Amino acid sequence: MLVCGIDVGARTGKAVLLADGELAAHSIIRTGSGSAATAVAALDQALETTAIRREDIEFTVATGYGRIVVPFAQRQMTEIACHAKGNHYFFPTVRTILDMGGQDCKAIRCNAAGKVTKFLMNDKCAAGTGRSIEVMAALLQVRLEDVGRLSLEASDGPAKISNTCVVFAKSEVLALARQGVPTSDILAGLCDGVAERVKVLLRAVGVEEDFVISGGISKNLGVVRRVEQKLGVTSRICFEPQIVGALGAALFAWDFLERKPSKGA
């Protein structure tokens with residue numbers, strides 16, 4: 001059986017192809033002006049790496065903010081359920097999940113079967129999300145992929161940034177830079193602030209091993225290490241943490257296809 005999972009998020013679109021239960025291909029692209037077009041482009045990019053044709057796909061499930069408008073999906077599932085299922089695929093013993101995306105942050109508890117038992121989301125503003133880190137990196141003229149590493153090189157520790165609102169925090173960051181505060185110290189303060197907000201979410205749902213982090217910010221070592229320190233846990237991260245939601249959607253597609261009556265039945 002061949003199934004597809006599509007995750008159209010606020011910042012990126014992801015596609016995953018599963019062939020007979022195995023990961024056959026995946027893609028990650030920037031979300032464009034339209035969710036439907038992003039979904040098509042993500043699938044096309046994944047297909048380019050294989051001999052699989054679009055017509056070979058038997059079932060597709062969509063998730064993420066743009067899931068409702070994915071034109072070729074037979075079903076839609078919430079990103080909460082998909083992230084739990086996708087992380088459970090990589091780490092069957094997972095009990096607590098932190099998904100740090102571009103637009104929101106999710107703290108999830110799940111059971112031994114990978115089903116969600118409790119969750120909380122931070123989606124009120126950009127603070128504590130990938131978007132906040134992206135905005136500040138551009139402000140400081142630092143490559144996004146360098147933020148985590150540089151934040152761990154702080155000479156005087158994290159700079160104090162009191163505002164949680166990204167709009168007002170920008171003014172603080174600019175003021176710190178003009179005062180000559182090292183960029184690494186400012187980045188340390190930003191990463192520490194994200195980790196502090198994440199800690200509150202996780203403690204509200206309860207942290208139990210195994211603890212897994214997914215989403216784009218999980219590639220930011222500065223945030224990951226600070227979350228681990230604040231919670232006293234060690235995180236587990238799969239080889240490509242941004243595709244976990246799409247993988248979960250593909251696994252749901254697999255389940256739906258297995259339950260679908262055959263034409264001859």
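Key figures for this structure:
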{"item": "Qualifying residue in segment 51-73 (condition: surrounded by 23 or more Cβ atoms within 10 Å (Cβ to Cβ), more than 22 Å from residue 239 (Cβ to Cβ) and of a type in the set (Ser, Thr, Tyr))", "result": "yes"}
{"item": "Test: residue in segment 180-189 that is buried (at least 24 other Cβ atoms within 10 Å of the Cβ) and either assigned to a strand (DSSP E or B) or not small (Gly, Ala, Ser) (or both)", "result": "yes"}
{"item": "Any chance residue 97 is among the β-branched types (Val, Ile, Thr) and modelled with pLDDT under 90", "result": "no"}
{"item": "Filter pass, residue 248 being assigned by TED's automatic domain parsing to the domain that holds residue 109 and within 19 Å of residue 93 (Cα to Cα)", "result": "no"}
{"item": "Residue among 44, 20 that alone is of a type in the set (Asp, Glu) and either closer than 13 Å to residue 66 by Cα or modelled with pLDDT under 95 (or both)", "result": "20"}
{"item": "Subset of segment 159-179 that is hydrophobic (A, V, I, L, M, F, W, C) and either part of a loop (DSSP other than H, G, I, E, B) or touching an Asp or Glu at 6+ places or on another chain (Cβ under 9 Å) (or both) - its residue that is surrounded by the fewest Cβ atoms within 10 Å (Cβ to Cβ)", "result": "165"}
{"item": "Residue in segment 82-89 that is within 21 Å of residue 238 (Cβ to Cβ) and either in a strand (DSSP E or B) or over 15 Å from the mean Cα position of the chain (by Cα) (or both) present", "result": "yes"}
{"item": "Residue in segment 18-41 that is of a type outside the set (D, E, K, R), over 16 Å from residue 250 (Cα atoms) and part of a strand (DSSP E or B) present", "result": "yes"}
{"item": "Subset of segment 126-146 (residues that are at pLDDT 95 or above and outside any loop (DSSP other than H, G, I, E, B))", "result": "146"}
{"item": "Residue match in segment 18-37 (condition: more than 21 Å from the chain's Cα centre (by Cα) and on the phi > 0 side of the Ramachandran plot)", "result": "yes"}
{"item": "Residue count, segment 204-248 (criterion: surrounded by 17 or more Cβ atoms within 10 Å (Cβ to Cβ) and part of a helix (DSSP H, G or I))", "result": "19"}
{"item": "Any hit, segment 120-136, residues being more than 25 Å from residue 246 (Cα to Cα) and free of Cβ contacts under 8 Å to residues at least 40 places away in the same chain", "result": "yes"}
{"item": "Qualifying residue in segment 148-158 (condition: free of Cβ contacts under 8 Å to residues at least 60 places away in the same chain, within 30 Å of residue 44 (Cα to Cα) and either in the same structural domain as residue 181 (by TED's automatic domain parsing) or in a loop (DSSP other than H, G, I, E, B) (or both))", "result": "no"}
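The values are calculated or read from the model by the stated rules, or taken from the named source; none is laboratory data. Just so we're clear, the structure is a prediction, and the values are computed from it rather than from any experiment. We place every Cβ from the backbone using ideal geometry, glycine too, and count neighbours over all the protein chains shown.
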